[in-house]
Amino acid sequence: EFTSGDCSLSGHYGYAYVDASCGMSQLIASQNTICTGESTILTAPAGAANYLWSNGATTQSTTVTAGGTYSCTLTPSQGGACSIVLDITIAEYPTPTADFSSITEICAGESIDFTDLSSIPIPGTIVNYRWDFGDGIITPESNGAIIGVLQTIGNYQSPSHTFTVAGIFNVELWVQSADGCEDSISIPVTVNALPIVAAPADQTVCEGVAVTLSGAGATSYVWDNGVSDGISFIQGVGTVTYSVIGTDGNGCSNTDQADVTVNPLPVVSAGPDHVVCEGVAVTLNGSGATNYVWDNGVIDNVGFVAGVGTLTYTVV
């Protein structure tokens, strides 16, 4: 109601001009829905002399961390008779808790099976997963079977991932609810390098000569074909490939091989026995090999005169 005053002579009209505007008075939230653990900022219209929120705040804006209906009493400078009360409702959705289990130490080239243990309060549901294995391989956000991801098989709730190189990798699981609430967890996984196992150099020996094979580069060794590391053995004629598995202190293993070739002994002949008269030269010739060494000073294929009697000559 407006009253205009005029002069007392009443000789002319008096005028009053009033500018007025009408707008929606409402509370505004920085976000009208929040996930458990999040917050939102509530702001009342400007211009009031005093503010009183239902949570006790007396500023134009207040921060709340839970869902519910909040009200604010706005009092103008004219006093409480002209106060208005505004309210706003904030929806709160449950936040999932990301979690998974797995072994945390393996050898390079091995795989780890992960098991999703994430949870969310009812009535929330988890609808999306993403795995970051820390070695540069990340799954897309999805659920169900994992398809087309390098070194990874299985599904999003129980994937199996192969780590090809050594290092410490932080494996992260991210989960999202149907309401868009998110959580993640990261667990370090240690991938130990494989030992550089070395078998000895290939060996070639003659029949009947013992051979010893000893591995290097690890802490324990297991050979095939019945061979024990560092213990000599006699192999039959021919070439045999021996494989060794070396295992280091981390339980990681690697392999190497060595060939052992056993050549047969030559069938050496000293020739026929000789009977000669005193003073007659005798020539002894070995056969079946390439080099011959006689005892008693005899040279192969070189004549000599033996003394009276019977002597036995041996050729190698």
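The values are calculated or read from the model by the stated rules, or taken from the named source; none is laboratory data. Bear in mind that the values here come from a model prediction, so they are computed numbers and not experimental data. Because the Cβ atoms are built from the backbone with ideal geometry, glycine has one as well, and the counts that use them run over all protein chains shown. Accessible surface is based on the protein model in full, side chains and every heavy atom, while ligands, DNA and RNA are left aside. Shrake-Rupley method; radii C 1.70, N 1.55, O 1.52, S 1.80 Å.
Screening N254, N263 for residues that are more than 17 Å from E207 (Cα to Cα) and of a type in the set (S, T, N, Q) leaves exactly one candidate, N254. Which residue is nearest to the chain's Cα centre (by Cα), if the candidates are limited to the range 101-114 and must be among the β-branched types (V, I, T) and open to solvent by 60 Å² or more (accessible area, probe 1.4 Å)? Per the stated criteria, the residue is T104.
Counting the residues of the range 51-71 that are of a type in the set (A, V, I, L, M, F, W, C) and either over 18 Å from S39 (Cα atoms) or open to solvent by 70 Å² or more (accessible area, probe 1.4 Å) (or both) gives 1.
Any residue at all in the range 301-315 that is over 23 Å from C206 (Cα atoms) and in contact (Cβ under 8 Å) with a residue 40 or more places away in the chain?
Among the residues of the range 301-315, at least one is over 23 Å from C206 (Cα atoms) and in contact (Cβ under 8 Å) with a residue 40 or more places away in the chain, which makes the answer yes.
Contact annotation: no residue pair with Cβ atoms under 8 Å, 6 or more positions apart or on different chains, pairs a residue in the range 75-98 that is free of Cβ contacts under 8 Å to residues at least 40 places away in the same chain and at positive phi with a partner that is open to solvent by less than 60 Å² (accessible area, probe 1.4 Å) and not in a loop (DSSP other than H, G, I, E, B). Looking across the range 68-110, the residues that are among the charged types (D, E, K, R) and more than 30 Å from A49 (Cβ to Cβ) come down to E92, D99, E105, E110. Scanning the range 193-240 for residues that are among the polar types (S, T, N, Q) and either within 40 Å of the chain's Cα centre (by Cα) or within 25 Å of S253 (Cα to Cα) (or both) gives Q203, T212, S214, T219, S220, N225, S228, S232.
In the set I120, I88, which member is surrounded by 14 or more Cβ atoms within 10 Å (Cβ to Cβ) and either modelled with pLDDT under 95 or within 30 Å of A44 (Cα to Cα) (or both)?
Answer to the check: I88.
Contact map, the range 255-279: first residue at negative phi and hydroxyl-bearing (S, T, Y), second residue surrounded by 12 or more Cβ atoms within 10 Å (Cβ to Cβ) and part of a strand (DSSP E or B), Cβ cut-off under 7 Å, separation 6 or more or different chains; pairs are T255/S243; T255/V244; T255/I245; T261/T204; T261/T239; S269/S287. Here the range 177-202 is the region considered, the condition is being free of Cβ contacts under 8 Å to residues at least 60 places away in the same chain and open to solvent by 50 Å² or more (accessible area, probe 1.4 Å), and the residue that is farthest from G37 (Cα to Cα) is D202.
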